[in-house]
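The next block holds one structure in the form of structure tokens; read it before the comments.
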Amino acid sequence: MDNIIDASNLSHKISVSERKNIIITGIKKIVSFDKEEFLLDSSMGSILIKGQNLEMIKLDTHEGNVSIKGQINGFSYIDDKNKNKENSFISKLFK
């Protein structure tokens, strides 16, 4: 059973310190993670964090907070709606 946090009352904030630590609030679910990538569902959409030697150092499931340490190379929001539109357009084109 997945532990999904109610995002309706979660504020969302990202704080990066010296590319070594990242603290994210408003996290509903950790989808997947390894030493090079974290995929998180937040109250503002999915977030992909990339880096090296990434490690979760704190997880607060009640508040929806996550702290990650390692070398942070970047993060981006993933817009699933646009991704699905692109896939459907391409799949229609090659039918």
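Taking the criterion of being within 10 Å of ILE27 (Cβ to Cβ), assigned to a strand (DSSP E or B) and in contact (Cβ under 8 Å) with a residue 40 or more places away in the chain, the residues of segment 50-67 that qualify are ASN65, VAL66. If you filter segment 50-74 down to residues that are charged (D, E, K, R) and over 13 Å from the mean Cα position of the chain (by Cα), you find that the one that is surrounded by the most Cβ atoms within 10 Å (Cβ to Cβ) is LYS69. Going by the conditions given, is ILE24 modelled with pLDDT of 95 or more, within 11 Å of the chain's Cα centre (by Cα), among the β-branched types (Val, Ile, Thr) and part of a strand (DSSP E or B)? For ILE24, the condition - modelled with pLDDT of 95 or more, within 11 Å of the chain's Cα centre (by Cα), among the β-branched types (Val, Ile, Thr) and part of a strand (DSSP E or B) - is met.
The values are calculated or read from the model by the stated rules, or taken from the named source; none is laboratory data. Note that the structure is a prediction, hence the values are computed from the model and not measured. A quick note on method: Cβ atoms are made from the backbone with ideal geometry, for glycine too, and the neighbour counts reach across all protein chains shown.
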